[in-house]
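**Q** Would you mind keeping the following structure in view while I ask a few things?
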Amino acid sequence: MSTPILLLNAGSSSIKYQVIDADDEAVLASGIIQRIGDESGTIDHTVDGQTHHQTRGFPNHGRALTVLTQMFDEFGPSLASVKAVGHRTVHGGAEFNSTTLIDDEMLEHLRKLSPLAPLHNPPAIAGIAAARRVLPDVPHVAIFDTAFFATLPPEAYTYAVPRELAAEHGIRKYGFHGTSHSYVSRKVADVLGKPYDSFNQIVCHLGNGASISAVDHGVAVEASMGLTPLAGLVMGTRSGDVDPGLHAFLARQVGMSIDDIDTTLNKKSGMLGLCGATDFRDINELVGDGDEAATLALAVYTHRLLSYIGSYIAILGGVEAITFTAGVGENNPLLRAAIAKRLAFLGVTLDDTVNDTRSKEPRVISTPESSIAILVVPTNEELAMARETKAAIGA
Ligand code: AMP
C-alpha cells in the first residue's frame, strides 16, 4: 500500500511543497516556488536527491501551481498517484479547531476569517483554490496552525478588552505553529518513554517565526502567539511583545499609517530591526566579533524566552520537560546553554557534550540528575501534516 499525499504551504510570495507517502512516511519529492508575483520567479523541485531548478514567471498562485504540475510531469513522481492534498492554513479562527475537509462552503467560511490573518490566510486560500483547480479529483484538507491551541482555557485566551468588542470580532488569543507544537510534544513523550498525558512540558519552537507552548498532561494550555502570529517571543523579523500603546504612539507621534506599523512590526523588527541580521549563523558571528547591536539583540531574545519559560513553569505548576525545536532551537547549543544556565537554580543541568553534538535525532541534552529534562527534537511539520491529512481522509 502507498498513500502519497501532496502537502502545500502557500505564503504570499512562495509555495513550499512535499509529497510524502503517509504509509511509510518517505518523502517522495519536495520543492519550493519563490518570488510569486515577480516577472521571474524560481522553482526548485527535488526528487531522488536531485534538484531541478527552473526560472519562470509566476504572476499568481494559479500559474505557480500549473508550473508545479509540469515539474511533476517532467521529473516525477506522478501526481496521478496522489491520494489527497493537505494545505497548511494559518488561521482557523474559533470555527476550525481540527483538520477539515475543504469544499466550496468551507472555503467561503475561511475567506470570512481573512481579516484575522490578513498576511497569512489570503495566500493560503489562493493556494487552495489553485490546487483544487489543478487536482480536482482528490480530497483537499486544511490543517490549521491554530488547531492544537483550541484547548486553551478562557483565562489564557481572553484579552482584557471590552467583552462585546471581543465577541463581535473574534478578538482573543489563538496561538500558532500548532502543527509543530503538537508533533514535537508527542515526540517528547516517545523519547522520554512516557504516556503523552502523564506529564507537563514546554516546547520552544524557535525558527524564523518563534513561539512557545505549555502542555499540561497532553493538553495545550498556553501559547505565546495571540490574535495574530506577531505576539510573544522575539523573532527573525517580528517584534513579538511590545507595549500595545506603541501602535497609537507610532500613529500619533511618528505619523505612521496602520499598514506601515503592521509592516514595521512584522517585517522590519525582531532580530533584523535590532541588529540587521535574521540568521543566527550571522548573529552568532557578529556576537563573536564583539558587535554591540548583535550582542544586545541576543540578550533581548534570550531574556524574552526565559521570561516566557518562567511564566509557563508557574502556570503548569512545574514541568518535566523543556524542548527546543525549529532552525534556531535545533542548531544553537549556545542559546540552549544560556537558558539552561539561568534555570540552574531549579536544578537544571545540561550535558555539555550532548548539547554541543550536532544531530538530526531527537535527544535529551540534560544530565540524568537534571530536575527537568531538556531536549532537542527536530520538528517536521510536513510529516505531521501528512499524518493529519491521512487521518482526515480515513486512508
Ligand atoms: P526555520 O524557520 O525553522 O526554518 O528556522 C530558520 C532559522 O534557523 C534561520 O534563520 C537561522 O536563524 C536558524 N538556523 C538554521 N540553521 C542554523 C545553524 N546551522 N546554526 C544556527 N542557526 C541556524
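**Q** Search segment 315-342 for residues that are under 17 Å from Ser185 (Cα atoms) and among the aromatic types (Phe, Trp, Tyr) and pair each with any residue that is modelled with pLDDT of 95 or more and within 11 Å of the ligand (Cβ to nearest atom) when their beta-carbon atoms are under 9 Å apart and the residues are at least 6 apart or on different chains.
**A** From segment 315-342, the pairs are Phe324/His205; Phe324/Leu206; Phe324/Glu330; Phe324/Asn332; Phe324/Leu335.
**Q** Any residue at all in segment 25-39 that's modelled with pLDDT of 95 or more, among the acidic types (Asp, Glu) and out of contact with any Cys (no Cβ under 8 Å at 6 or more places or on another chain)?
**A** Scanning segment 25-39, I find at least one residue that is modelled with pLDDT of 95 or more, among the acidic types (Asp, Glu) and out of contact with any Cys (no Cβ under 8 Å at 6 or more places or on another chain), so the answer is yes.
**Q** Another question about this same structure. Could you list, in sequence order, all residues of segment 306-334 that are under 19 Å from the mean Cα position of the chain (by Cα), within 16 Å of the ligand (Cβ to nearest atom) and assigned to a helix (DSSP H, G or I)?
**A** Residues satisfying the conditions are Ala326, Gly327, Val328, Gly329, Glu330, Asn331.
**Q** Which is more than 16 Å from the ligand (Cβ to nearest atom), of a type outside the set (Lys, Arg) and crowded, with 17+ Cβ neighbours inside 10 Å, of Ala214, Ala210, Ala167, Ala160?
**A** Residue meeting the stated conditions: Ala214.
**Q** Condition first: in a helix (DSSP H, G or I), in contact with a strand residue (DSSP E or B) (Cβ under 7 Å, 6 or more places away or on another chain) and among the acidic types (Asp, Glu). Can you find one or more residues in segment 283-305 that meet it?
**A** Checking segment 283-305: not a single residue is in a helix (DSSP H, G or I), in contact with a strand residue (DSSP E or B) (Cβ under 7 Å, 6 or more places away or on another chain) and among the acidic types (Asp, Glu).
**Q** Filter segment 310-356 for residues that are crowded, with 17+ Cβ neighbours inside 10 Å and on the phi > 0 side of the Ramachandran plot and give the result.
**A** Within segment 310-356, Ala326 is the sole residue that qualifies.
**Q** For Thr353, all conditions in the list (1) in contact with a helix residue (DSSP H, G or I) (Cβ under 9 Å, 6 or more places away or on another chain); (2) of a type in the set (Ser, Thr, Tyr); (3) in a helix (DSSP H, G or I) hold save one; what is the number of the exception?
**A** Here Thr353 clears every test but (1).
**Q** Scan segment 56-108 for residues that are surrounded by fewer than 16 Cβ atoms within 10 Å (Cβ to Cβ), among the polar types (S, T, N, Q) and within 30 Å of Arg172 (Cβ to Cβ) and jot them down.
**A** Residue satisfying the conditions is Ser98 alone.
**Q** Against the definition (at pLDDT 95 or above, of a type outside the set (Ser, Thr, Tyr) and either within 13 Å of the ligand (Cβ to nearest atom) or touching a Lys or Arg at 6+ places or on another chain (Cβ under 8 Å) (or both)), how does Ala248 come out, yes or no?
**A** Spelling it out, it is not the case that Ala248 is at pLDDT 95 or above, of a type outside the set (Ser, Thr, Tyr) and either within 13 Å of the ligand (Cβ to nearest atom) or touching a Lys or Arg at 6+ places or on another chain (Cβ under 8 Å) (or both).
**Q** Then there's this: If we scan segment 185-203, do we find a residue that is within 17 Å of Leu152 (Cβ to Cβ) and either within 16 Å of the ligand (Cβ to nearest atom) or aliphatic (A, V, I, L, M) (or both)?
**A** Yes: segment 185-203 contains one or more residues that are within 17 Å of Leu152 (Cβ to Cβ) and either within 16 Å of the ligand (Cβ to nearest atom) or aliphatic (A, V, I, L, M) (or both).
**Q** Related question: Out of all the residues in segment 1-50, which are closer than 16 Å to Ala130 by Cα, polar (S, T, N, Q) and touching a helix residue (DSSP H, G or I) at 6+ places or on another chain (Cβ under 6 Å)?
**A** Within segment 1-50, Ser12 is the sole residue that qualifies.
**Q** Can you tell which of Ala231, Ala277 is touching a residue at least 12 places away in the same chain (Cβ under 8 Å), within 16 Å of the ligand (Cβ to nearest atom) and either within 28 Å of Val203 (Cα to Cα) or among the aromatic types (Phe, Trp, Tyr) (or both)?
**A** Ala277
**Q** Which of (1) under 19 Å from Pro244 (Cα atoms); (2) touching a helix residue (DSSP H, G or I) at 6+ places or on another chain (Cβ under 6 Å); (3) within 12 Å of the ligand (Cβ to nearest atom); (4) not acidic (Asp, Glu) is the odd one out, the single condition Gly270 does not satisfy?
**A** (2)
The values are calculated or read from the model by the stated rules, or taken from the named source; none is laboratory data. Just so you know, these numbers come straight off a predicted model, no measurement behind them. In this analysis, Cβ positions are derived from the backbone assuming ideal geometry, glycine residues included, and neighbour counts consider all displayed protein chains.
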